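Single-structure report; data block below.
The values are calculated or read from the model by the stated rules, or taken from the named source; none is laboratory data. Predicted, not measured: the structure shown is a model, and the values here were computed from it. As a convention, Cβ positions derive from the backbone with ideal geometry for all residues, glycine included, and neighbour counts pool all protein chains shown. With ligands, DNA and RNA removed, areas are computed over all heavy atoms of the protein, side chains included. Shrake-Rupley method; radii C 1.70, N 1.55, O 1.52, S 1.80 Å.
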Amino acid sequence: MERVDVAVIGGGQSGLATAHALLRCGLRPVVLEVSGAAAGSWPRYYDSLTLFSPARYSSLPGMPFPGADRDRYPHRDEVVAYLAAYAGRLDAEIRTFCRVSAVRRTGDGFAVELEGGGLVSARAVVAASGTFGRPHQPALPGLEGFTGQVLHAADYRSPAPFTGRRVVVVGAGNSAVQIAAELAETARVTLATRAPVKFAAQRILGRDLHFWTARTGLDAAPLGRLLSRPPAQPVLDDGRYRAALAAGRPDRRPMFTGTDGAKLLWPDGQREEVDAIVLATGYRPDLPYLTRLDGALDTDGNPRHREGLATSMPGLAFVGLEWQRSLSSNSLRGVGRDGERIARCLAALLARR
């Protein structure tokens, strides 16, 4: 059986940053990526997606985000190209089209089972598979009986298929507002939320918000240990989204109370036929391969960890979780810090063994 120091499951931003850190600690990682390229879920995000952080705050360790304009907000495709270039420079083995089906505990490490029958023996495992493969669909009144189209933001690409249609976008986060505003240019759109949308200014005193969070240390502060669950994040806005909602493009309404075929029932008693519902309701950690490791996940399939280290299984770690350690943990600018910490902890553990 092949034996490696660390199996890193996932070749997106989290897996690449962690592999970089493991190499610096003298360990030999193998990155196992399910898709055909080391870019994680970025190629599958909707076409118009842009980062909410400027290029200067959107880099992984050891390689600045390219481009002369360091204050621009990179497009999705720029991120895909950046991650591909980063993977190309990384002196680690990256295996694509490699799906992990299960991880099992062995006497001195882990057996990583691959779809198709392959097997890798690893002294340690880092789960860096992200969340895109597990879209969250909350319990919404009557949604199971709705006869119109229902899709998650994970399956949304562009507004073209919705031109002239009646669409309801569910959610109050950055993606929900961005998708709803984009759709409203060619469709009749409502943003349905449980509470009013909260905004945060993208720029303060002429500087992007990320300048201030970095300057004050808030971006890297280990606040994750104080949180029982990640807090709701406000929508970062340069003024256009607040203006769009104020103009009713899209309009914002409280959550619908039920459905009747293709009609939604609104709290004011209105019954309205709707063509499509887009659920921009977030994601959850995608870790099905850990279900056979007793104690690795809770009953909801979420990892049991403290700042990325499994609480009951030495040698198992996580990277790229939302608020894993700080508010920037699940971002290009912050995942490297968590990856470095995890790498140091694993190196120390394996040295003791």
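Points to keep in mind about this one:
- Hey, Arg44 among the basic types (Lys, Arg), open to solvent by 40 Å² or more (accessible area, probe 1.4 Å), more than 22 Å from Leu327 (Cβ to Cβ) and touching a strand residue (DSSP E or B) at 6+ places or on another chain (Cβ under 7 Å) or not: no
Quick grid of which residues meet (1) modelled with pLDDT of 95 or more; (2) over 22 Å from Thr106 (Cα atoms):
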| residue | (1), (2) |
| --- | --- |
| Arg304 | yes, no |
| Arg325 | no, yes |
| Arg337 | yes, yes |
| Leu346 | yes, no |
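- If you check Ala221, Ala232 for being within 30 Å of Gly148 (Cα to Cα), touching a residue at least 60 places away in the same chain (Cβ under 8 Å) and out of contact with any strand residue (DSSP E or B) (no Cβ under 9 Å at 6 or more places or on another chain), only one passes: Ala232.
- Only listed residue being of a type outside the set (Lys, Arg), touching a helix residue (DSSP H, G or I) at 6+ places or on another chain (Cβ under 7 Å) and open to solvent by 10 Å² or more (accessible area, probe 1.4 Å), chosen from Ser53, Ser59, Ser35: Ser53
- Count of residues meeting criterion [in a loop (DSSP other than H, G, I, E, B), small (Gly, Ala, Ser) and buried (at least 17 other Cβ atoms within 10 Å of the Cβ)] in segment 127-149: 5
- Strands (runs of 3 or more DSSP E) wholly inside segment 79-126 containing at least 2 residues that are closer than 25 Å to Pro64 by Cβ: 93-95
- Selection from segment 62-88 of residues that are modelled with pLDDT of 95 or more, open to solvent by 50 Å² or more (accessible area, probe 1.4 Å) and of a type outside the set (D, E, K, R): Gly62, Pro64, Pro66, Tyr73, His75, Ala81, Ala84, Gly88
- All of Asp275, Asp238 fail the test of being in contact with a helix residue (DSSP H, G or I) (Cβ under 8 Å, 6 or more places away or on another chain) and more than 21 Å from His136 (Cβ to Cβ), apart from Asp275.
- Selection from segment 221-249 of residues that are open to solvent by 60 Å² or more (accessible area, probe 1.4 Å) and within 20 Å of the chain's Cα centre (by Cα): Arg225, Leu227, Ser228, Arg229, Pro230, Ala232, Gln233
- Single unsatisfied condition, Gly107 versus (1) within 21 Å of Tyr289 (Cβ to Cβ); (2) open to solvent by less than 60 Å² (accessible area, probe 1.4 Å); (3) among the small types (Gly, Ala, Ser): (2)
- Looking at segment 250-353, the strands (runs of 3 or more DSSP E) lying wholly inside it that each contain 3 or more residues that are buried (at least 19 other Cβ atoms within 10 Å of the Cβ) and of a type in the set (A, V, I, L, M) sit at 276-279.
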